[in-house]
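Written below as structure tokens is the structure these notes are about.
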Amino acid sequence: MARRRLTVKQLAQLAGMSPSYLGKRLRDESPLNANDLEAIWLALGEDPVSVTRKVLDSMEANYRANVEQDRH
């Protein structure tokens, strides 16, 4: 949002959500679901599959680092 200088209201409109609905999720008052994430990524012009791969790669790297740390 910040890189594209979008407000919550603007992103919500692009993603087909109400600003209230999106705001609650961005404030971590309600969980995001896969449909929410896909709508947000598409609204931001991001490929959902690429973003998901990046998230999973990051999670895997963190997991491996934690496992390695526990071994020492």
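What follows is calculated from the coordinates using simple rules that are stated; it is not laboratory data. Note that the coordinates shown come from a computational prediction; the quantities given were computed from them, not determined experimentally. Cβ: placed from backbone, ideal geometry, glycine included. Neighbour counts: every protein chain shown.
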To the nearest 10 degrees, how steeply does helix 48-71 sit against the main Cα axis of the chain, on a 0 to 90 scale? 30
Write down Rg/Rh for the chain, rounded to two decimals, with Rg from the C-alpha atoms and Rh from the Kirkwood relation over Cα pairs. 1.12
Segment V55-L26, extension gain: residue separation times 0.36 nm, minus the distance between their alpha carbons: 8.7 nm
Relative contact order (percent, whole number), the chain, Cα cutoff 8 Å, 6+ residue spacing: 23
If you put +1 on each Lys and Arg Cβ and -1 on each Asp and Glu Cβ, how big is the dipole of the range 8-71 around its Cα centre, in Debye rounded to 20? 200
Folded to 0 to 90 degrees: helix 34-43 orientation relative to the chain principal axis, Cα: 60
Other-chain or far-sequence residues with amide H under 5 Å of S30's (modelled H): R25
Peptides ranked, highest mean first, by Cβ atoms within 10 Å: ranges 65-71, 28-34, 6-12, 44-50: 6-12, 44-50, 28-34, 65-71
